[in-house]
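Visitor: Okay, handing you the structure first.
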Amino acid sequence: MKAFTYERAKSPAEAARAVNERTGAKFIAGGTNLIDLMKIEVETPTHLVDINGLGLDTVERTEDGGLRIGALVSNTDLAAHETVRRDYGVLTRAIVAGASGQLRNKATTAGNLLQRTRCSYFYDTNQPCNKRVPGSGCAALEGYSRPLGMLGVSELCIATYPGDMAVAMRVLDAGVETVKPDGTTRTIPIADFHRTWDTAPERDNVLEKGELITAVTLPKPLGGTHIYRKVRDRASYAFALVSVAAVMQPDGTGRFAVGGVGSKPWRSAAADAQLRNGASAAARVLTQGAVTTEENAFKVPLVERTLAAVLAEARAKGNAA
């Protein structure tokens, strides 16, 4: 691990300024992904700004009937929160499908959104990787690509966004609240938060230098049946080959987002509109434009089969046509 300096921030704005003013500085909270990457020198920050203790660890109702989740709320606390379990069940189900209990105790809401790809070439510093070293190439294009992406990818990068929580937040239309180094704030729709790899795959999201996530907001509850189904190589502690987060209504309408297939959680309003016509129709629309390799082409039919299982579960619960 490379040497680095360290400080504790006293406010979100101060933290944002501190990271903006130092070349190579990064925020640290739970550190469950960053520390691992520092150990193998994929990440080599020169300075860490500790944001624990900023008071961003509460969950509260918003005036419009939604929910505001502090950036530092742990995954364990969020999944177990009474309101989340009752009104946003797909979020609880997605969170507990990921990582381990120990990791969820440390991982934060903001950190989960910011976790980096698990592409093996990103972690292997002997291999070219445009995400790790811009301009060096993408070893995955001609290498092992079975777990990698087919949507939002390019010849620059075929990595997937690895998380589960964000897939549920995408189906719930979450917003990401931030503060910039100059103290201004904004809310980024989660649909626009993560990027595609058309250009600059080293940038996972649209955050600007020094911009700090302070909270995630959820609109008022959707009702319906909430389902999260994750297909993976092991029964636990594995990342999704394909995952589906869905909220289905009694009349058969609904919405769904898919993880494990692209640069970000993938959702399409046109695909949502096809749900009443069945999994095949909806999956076909969602995967339009997919660019597959020989090894990961199986993900196209797997999206349809996983979605079919989700719709069958919803029907069994009497909440979809």
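Visitor: Give me the three principal axis extents of region 225-319 from the C-alpha atoms, as integers in angstrom, largest value leading.
Guide: 38, 31, 19
Visitor: Mind jotting down the distance between the C-alpha centroids of region 164-216 and region 39-69, whole Å?
Guide: Using only Cα atoms to place each centre, the spacing works out to 12 Å.
Visitor: Next question, about the same structure. Using the heavy atoms of the protein chains and a 1.4 angstrom probe, tell me the accessible area per residue for the chain in square angstrom. It would help to have the intermediate numbers written out before the result.
Guide: Numbers: 14050 Å² over 321 residues.
I get 44 Å² per residue for the chain.
Visitor: Let me have the 222 nm mean residue ellipticity of the chain computed from DSSP H runs of 4+ only, each contributing -39500 (n - 2.57), with the sum over all residues rounded to the nearest 500.
Guide: The helix contribution divided over the chain gives -7500 deg cm²/dmol.
Visitor: Which distance in Å, rounded to a whole number, links the C-alpha centroids of region 120-136 and region 79-106?
Guide: Taking the Cα centre of each part, region 120-136 and region 79-106 sit 32 Å apart.
Visitor: I'm checking a number: the convex hull volume of the Cα atoms of region 5-52, normalised per residue, in Å³. What is it?
Guide: Per residue, the Cα convex hull of region 5-52 comes to 62 Å³.
Visitor: Here is a follow-up. Between [x] 50, 36, 23; [y] 59, 37, 14; [z] 31, 25, 16, which matches semi-axes √(5λ) of the Cα gyration tensor in Å calculated for the structure shown?
Guide: [z]
Visitor: Does region 128-172 classify as rounded, prolate or oblate by the C-alpha gyration tensor (a ≥ b ≥ c root eigenvalues; a/c under 1.5 gives rounded; else a/b over b/c gives prolate, otherwise oblate)?
Guide: prolate
The values are calculated or read from the model by the stated rules, or taken from the named source; none is laboratory data. Values in this document were obtained by computation on a predicted structure and should not be read as measured data. Only protein heavy atoms, including side chains, enter the accessible area calculation; ligands, DNA and RNA are left aside. Shrake-Rupley method; radii C 1.70, N 1.55, O 1.52, S 1.80 Å.
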